[in-house]
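Trainee: Questions regarding the structure given below will be posed in turn.
Throughout, read-outs are computed from the coordinates displayed, never taken from laboratory work. Quick caveat: nothing in here was measured; it's all calculated off a predicted structure. Neighbour counts are summed over all protein chains in view; Cβ atoms, including those assigned to glycine, are modelled from backbone coordinates with ideal geometry.
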Ligand code: SF4
């Protein structure tokens, strides 16, 4: 992990004379790009359940996420970089979450906060609960806990920053040609139960099989 | 009847009720059960008499129990008097045929509205005469009524916990692997996506007033510029995932329907699979601001069933923790209210500062900041060490009173705030009781109904405190009453800290599996949001047969339509904040 450690904007091994250190920087495009992004992750202001309260506590004065450039909570998805799924994802809520996600512009990240968002948590067996948001959205960081303490949340956010550091502008999905919507997630349907339309073929097959038996 | 209705004791009520309706009211004779069984044809008549002649003006809870083996469904009603005293239970039984039909009590107590809809949604009990019987927690078009005993979830393993796969054999597999779709999915047979027509939300919009008047030709033009707006479920001011469909005439609300269930986490169903003790941590997650108060209600319900005493020291610890929780809740309420009024962040930061100090105490005694899981049947799980007690004393004697003063000084005479809040009507006493509203909103309307006084539980009868009450029922009173309550809580805390005895913290031995005799119990406490109650039915097995949460936030929401009709949309957000709802509790 050592080589992924954040080392600031400057490239290592370049000696900049002391008197101009504040004005001159020797760096790469990637570093500059990620340096700007890592210190200004704007989360979507969006709380689902109990975990959201710890998220607010982490924003408040004692833990103060602003130290990491993450205090600008945006209520609209169009201005947000990061979706913090803070709580139990229910089947009834899922379409709204996916709609929000699809409306977020790239670059966008998803952080699953707490046991519920990661796997369904204590409510996994419930008939209205989705067993983890990763069944639908690509999750970048999982934060364990029920609820994770603000410290844990901040640790997770630092992990996200490390992930940002590792990305290269040449390879990020949002600049790849012809892949503009690479992260678009089709909307699930609230039918007799939650229906993931990406799996329609499977449902079809199951129905045919049952008919065959009958 | 000679005595005025409100002074009748429960025994007298029973006697005179049976005397009044000898043909269709019988006492519930099952061992461990209490109350009456009313014939369903005469339910409305009996309920009206209970309200008008016996003074039971507040319908606390409506819920259903599915007795599969006896092939019947039971609807259980709990009615209370706002003048105080124990509650009355009455039940209606219906044949378990399709559809199960029971007359609706919405005309007697409007507070039955959402609770009846919930019973329809989860148990499939049809309340005839209910004007708007739609699903409430699940979505329209969902297959099945999940709380029926023959409904199995997709991840169903066994009827009751602990599951054999985990214990004692311990061959744990993923629940996913047992389901044909490897997911939490319960599709009906022969389901095919091609010819499936998803349900629309027409019914919701038809339930708004405009649509019902659509065919009124003369008014069509008049109604023409009405507009329907959906707020939520992702809305920064609805306190979580509540959604409301609002119909507007210009800026004035003409009709409104809350839509909930976006955080429906199936507490009731999961609770019926859990053992008694396993439910305790789940109660934390109902109203996640006040896990201590939630624990309290559930512990009382089960202790009633088990008929065990609570250790003396534990009673005091319970009171101390719950009152601290109430202070913390009301502080957050004030911060969030002002947040909703447009003063973003700063006031709530003040509130959170104090809250952190109280959470530190919770963490010191229970190990968790928010989800304390601290109460046990007969006491609490850990003792409060001397240094933590000292910390609490410091808080209660110095810091919290000073900070409350400071907040009052900053806010209560702030012209903008007063102008915004004063004179905007929330609820009057009649509307509030009729809609089963409890908690600060009821008291701000001039009804001094506080369970700590009205039907004292635990050791609340030993403390000297006043029930906070205000009489105008406007937003300003609703706001000020929170400060009054903080002060009363501080008073209780001071006395409790002085009186707290030494001794054991649990009257029972610590045990994982408690033995609970058959019967029913209704444990209710005054949570910061209102009357929080648990209805637990036991059949003597290690798991409850029925576990139902009567959540104050959920029932209080029944009144939201009455509150908001005719007000400006900008006030709606503040009015909703006044109810102080928490979605974890609304949707459960
Ligand atoms: S992980 Fe725990 S605290 Fe977080 S939403 Fe789920 S139940 Fe609540």
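Trainee: Would you calculate, for chain B, the mean residue ellipticity at 222 nm contributed by helices, counting each DSSP H stretch of 4 or more residues as -39,500 (n - 2.57) and dividing by all residues, to the nearest 500?
Mentor: Values: 21 runs with 219 residues, N = 588.
After summing the helix terms and dividing by the residues of chain B, the value is -11000 deg cm²/dmol.
Trainee: What does the average come to when, for each residue of peptide A:42-50, you count the partner chain Cβ atoms lying within 10 Å of its Cβ?
Mentor: Working: counts 0, 0, 1, 2, 4, 6, 8, 11, 14.
Mean inter-chain Cβ contacts per residue within 10 Å come to 5.
Trainee: Something else about it: Which whole number gives the average count of other chain Cβ atoms within 10 Å of the Cβ atoms across peptide A:131-144?
Mentor: Working: counts 7, 1, 0, 0, 3, 0, 0, 0, 0, 0, 0, 0, 0, 0.
Mean shielding count: 1.
Trainee: Under a point spin-label approximation (7 Å from Cα along Cα-to-Cβ), what is the residue A:155-residue B:277 distance to one decimal in nm?
Mentor: The two pseudo-label positions are separated by 2.8 nm.
Trainee: Further question: Can you give the mean number of other chain Cβ atoms that lie within 10 Å of the Cβ atoms in peptide B:191-204? Don't skip to the answer; put the middle values down first.
Mentor: Numbers: counts 9, 7, 10, 4, 0, 6, 1, 4, 4, 0, 0, 0, 0, 0.
The shielding value for this peptide is 3.
Trainee: Which of rounded, prolate or oblate describes chain B when judged by the alpha-carbon gyration tensor and an a/c cut-off of 1.5?
Mentor: Values: a/c = 1.27, a/b = 1.06, b/c = 1.21.
Here chain B falls in the rounded category.
Trainee: Using Cα centres only, tell me the gap between the stretch B:555-588 and the stretch B:498-536 in whole Å.
Mentor: Answer, in whole Å: 30.
Trainee: Shifting gears a bit: How do B:354-361, B:425-432 rank on mean C-beta neighbours within 10 Å, highest first?
Mentor: On the way: B:354-361: 19.5, B:425-432: 21.0.
In descending order of packing, they fall as B:425-432, B:354-361.
Trainee: Calculated from DSSP H runs of 4 or more alone, at -39500 (n - 2.57) each and per residue, what is the 222 nm mean residue ellipticity of chain A, nearest 500? Before the final figure, lay out the partial values.
Mentor: Numbers: 6 runs with 67 residues, N = 214.
Roughly -9500 deg cm²/dmol at 222 nm, from the helical runs in chain A.
Trainee: Among the DSSP beta bridges whose two residues both lie in the protein assembly as shown, what percent are antiparallel, rounded to the nearest 5? Before the final figure, lay out the partial values.
Mentor: On the way: 55 of 72 bridges.
Beta bridges within the protein assembly as shown, antiparallel portion: roughly 75 percent.
Trainee: Let me ask something else. Rg and Dmax of the stretch B:267-555 over Cα atoms: what are they, in angstrom?
Mentor: Answer for the stretch B:267-555, Rg first and Dmax second: 19.0, 60 Å.
Trainee: May I pose another question? How do B:564, A:50 rank when sorted from fewest to most other Cβ atoms within 10 Å of their own Cβ?
Mentor: B:564, A:50
Trainee: Same structure again: Could you work out how far the C-alpha centroid of the stretch B:401-468 sits from that of the stretch B:371-399, in angstrom?
Mentor: Taking the Cα centre of each part, the stretch B:401-468 and the stretch B:371-399 sit 26 Å apart.
Trainee: So, R0 is 51 Å and r is the distance between the beta-carbons of residue B:158 and residue B:394; what FRET efficiency does that work out to, to 0.05? It would help to have the intermediate numbers written out before the result.
Mentor: Values: r = 49 Å, r/R0 = 0.97.
Efficiency, rounded to the nearest 0.05: 0.55.
Trainee: Computed FRET efficiency, Cβ-Cβ of residue A:24 and residue A:102, R0 60 Å: what is it to the nearest 0.05?
Mentor: Details: r = 42 Å, r/R0 = 0.70.
With a Förster radius of 60 Å, E is 0.90.
Trainee: So if I take the centroid of the Cα atoms in the stretch B:62-108 and the same for the stretch A:131-160, what is the distance between those two points in Å?
Mentor: Measuring centre to centre over Cα atoms gives 43 Å.
Trainee: For the stretch B:5-128, with equal point scatterers placed on the C-alpha atoms only and solvent neglected, what are the log10 I(q)/I(0) values from the Debye formula at q = 0.09, 0.11, 0.22 1/Å, to two decimals?
Mentor: So the normalised log intensities work out to -0.23, -0.34, -1.37.
Trainee: Right, another one. Provide B:489, B:165 in ascending order of the number of other Cβ atoms located within 10 Å of each residue's Cβ, fewest first.
Mentor: On the way: B:489 25, B:165 14.
With the sparsest Cβ surroundings first, the list reads B:165, B:489.
Trainee: Please compute the modelled spin-label separation between residue B:30 and residue B:408, points set 7 Å along Cα→Cβ, answer in nm with one decimal.
Mentor: For residue B:408 paired with residue B:30, the spin-label model returns 5.0 nm.
Trainee: Label-point separation (nm) for residue B:495 and residue A:201, each offset 7 Å from Cα along Cα-to-Cβ?
Mentor: 7.2 nm
Trainee: Counting other C-beta atoms within 10 Å, which of A:73, B:563, A:113 has the fewest, and how do the rest follow?
Mentor: Neighbour counts put them in this order, fewest first: A:73, B:563, A:113.
Trainee: Based on the Cβ-Cβ distance from residue B:207 to residue B:41, what FRET efficiency comes out when R0 is 30 Å, to the nearest 0.05? Mind dumping the intermediate values first?
Mentor: Numbers: r = 28 Å, r/R0 = 0.93.
E(calc), rounded to 0.05, equals 0.60.
Trainee: Output needed: percent of Cα pairs per 10 Å distance bin for the protein assembly as shown, bins running from 0 to the one holding the longest distance.
Mentor: 2, 12, 22, 26, 20, 11, 4, 1, 0, 0, 0
Trainee: Next question, about the same structure. If a/c stays under 1.5 just call it rounded; otherwise compare a/b with b/c (prolate if a/b is bigger, oblate if not). Do that for the stretch B:474-562, with a ≥ b ≥ c from the square roots of the Cα gyration tensor eigenvalues. Mind showing how you got there, number by number?
Mentor: Details: a/c = 4.65, a/b = 1.27, b/c = 3.66.
Verdict is oblate for the stretch B:474-562.
Trainee: Between residue B:344 and residue B:196, 0.36 nm times their residue separation minus their Cα-Cα distance comes to what? List each step's numbers first, then the result.
Mentor: On the way: separation 148, 0.36 × 148 = 53.28 nm, distance 4.52 nm.
Full-extension gain reported as 48.8 nm.
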